[in-house]
Amino acid sequence: MRRGVKARRACNKGLKQTVSQLAFCSLRRSTWAREYYIKKKKGGYSHSQAIVALGNKWLKILFALRKKKEIYKEEFHLMMKEKHRMKAIPA
């Protein structure tokens, strides 16, 4: 017997749409968001799946910013992303 995963029905649809819109709009303005979207598409994700994945990424960022009471700065985000990438590379 094969079982699949279906979309959740009990969710805040307004929030879901807003996050999807944020992710879609960020493709034009954010270099890292565009790269992330392209990486997901090359990995076999459909457009909507890649947008949802990008939206989830944005939610993590926004949650961390809210927790620290900071504002989003693309330069800082890119710098931290590079720092984490360098840590992952074995010396």
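The values are calculated or read from the model by the stated rules, or taken from the named source; none is laboratory data. It should be emphasised that the depicted structure is a prediction, and the values quoted were computed from it without experimental measurement. FYI the Cβ positions are ideal-geometry reconstructions off the backbone, even for glycines, and counts take in every protein chain you see. Just so you know, the surface numbers come from the protein's heavy atoms only, side chains and all, with ligands and any DNA or RNA stripped out. Shrake-Rupley method; radii C 1.70, N 1.55, O 1.52, S 1.80 Å.
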Charge dipole of the chain built from unit charges on the beta carbon (Lys, Arg +1; Asp, Glu -1), centred at mean Cα; most positive-end Cα among S30, Q49, F63 is Q49
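By how many nm would the segment from Q17 to I38 grow when fully extended, if each residue of separation counts as 0.36 nm and the alpha-carbon distance is taken off? Mind dumping the intermediate values first?
On the way: separation 21, 0.36 × 21 = 7.56 nm, distance 2.08 nm.
Stretched out fully, the Q17 to I38 stretch lengthens by 5.5 nm.
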Could you work out [θ]222 nm for the chain from helices alone, using -39500 (n - 2.57) per DSSP H run of at least four and dividing by all its residues? Round to the nearest 500 deg cm²/dmol.
-24000 deg cm²/dmol
What's the extension gain from R85 to K69 if we count 0.36 nm per residue and subtract their Cα-Cα distance?
3.3 nm
Leaving out ligands and nucleic acids, and using a 1.4 Å probe, what accessible area per residue does the chain come to in Å²?
89 Å²
Could you pull out every whole DSSP H run in the chain that spans at least 15 Å of Cα extent along its own axis and averages -0.5 or higher on the Kyte-Doolittle scale?
13-29, 47-68
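What is the Rg over Rh value, at two decimals, for the chain, using alpha-carbon atoms and the Kirkwood definition of Rh? All intermediate terms of the calculation are to be shown ahead of the outcome.
Values: Rg = 15.4 Å, Rh = 15.0 Å.
Radius of gyration relative to Kirkwood radius: 1.03.
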